[in-house]
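Presented below is the structure to which this report refers.
The values are calculated or read from the model by the stated rules, or taken from the named source; none is laboratory data. Values in this document were obtained by computation on a predicted structure and should not be read as measured data. For neighbour counting, all protein chains shown are included, and Cβ atoms are generated from backbone atoms with ideal geometry for every residue, glycine included. The accessibility values were calculated without ligands, DNA or RNA, using every heavy atom of the protein model including side chains. Shrake-Rupley method; radii C 1.70, N 1.55, O 1.52, S 1.80 Å.
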Amino acid sequence: MKRTALTVLVLMLAACGKGGADRYVGYWQLQDPDKSVVTEIKKENGNYFAVENIAGSGKRAAQQHVLSEKDGELVVNTGVGDLPLKLSDDGNTLFLGKGTLRRIDAATKDKIVAHEEKCRSLNDDFQAEYNGKRNQMTNAGVSITTEEYKQGMAEVERKYAAQFAELQKDGKCNFVPGFHYLDK
């Protein structure tokens, strides 16, 4: 009798698909109107990891955190204690502290990563042109307090502000430069 009950229990659990901490595995997007952050929770060799900000670079580059499994749930050790990752009943919403993340598929993750790469590339172009214009004007003896200088810098900012606005129609860029001379 015990053997039959155990067999039935094992078959029922196997039929349910992913269980326990495996339910967390996948891609998750932070619900934040100001930035687009994607985290991957993965399982390798029996261990769970959270790779935060997979679309980031530089100081904002992806960071990997080891997760622990406790009672079928995942927790991250903060150094002063464990912070649980709470999963909604439908498995599509993840709560971590005050943050809320929604499950996304690999195609959506790829789209977000590609978009953020375009944002970084545009920022790199802006920085190069902005610094070039600044150097050109200071080498020509144009003081930073003159209208000529301010208008020259605003011209570069105007060009890139329009490009960032167009790019962000497809999604939020995590970093948009401050256009200081357009504000004046």
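Kindly indicate whether any position in segment 110-132 is modelled with pLDDT under 95 and more than 16 Å from ALA55 (Cα to Cα).
Scanning segment 110-132 turns up no residue that is modelled with pLDDT under 95 and more than 16 Å from ALA55 (Cα to Cα).
Could you please give the count of residues in segment 36-88 that are closer than 20 Å to LYS172 by Cβ, free of Cβ contacts under 8 Å to residues at least 12 places away in the same chain and of a type outside the set (Lys, Arg)?
Summing the residues that are closer than 20 Å to LYS172 by Cβ, free of Cβ contacts under 8 Å to residues at least 12 places away in the same chain and of a type outside the set (Lys, Arg) in segment 36-88 gives 3.
With the requirement that a residue be open to solvent by 50 Å² or more (accessible area, probe 1.4 Å), in contact with a Ser or Thr (Cβ under 9 Å, 6 or more places away or on another chain) and assigned to a helix (DSSP H, G or I), what does segment 99-137 give you?
Hits for segment 99-137 are GLU117, ARG120.
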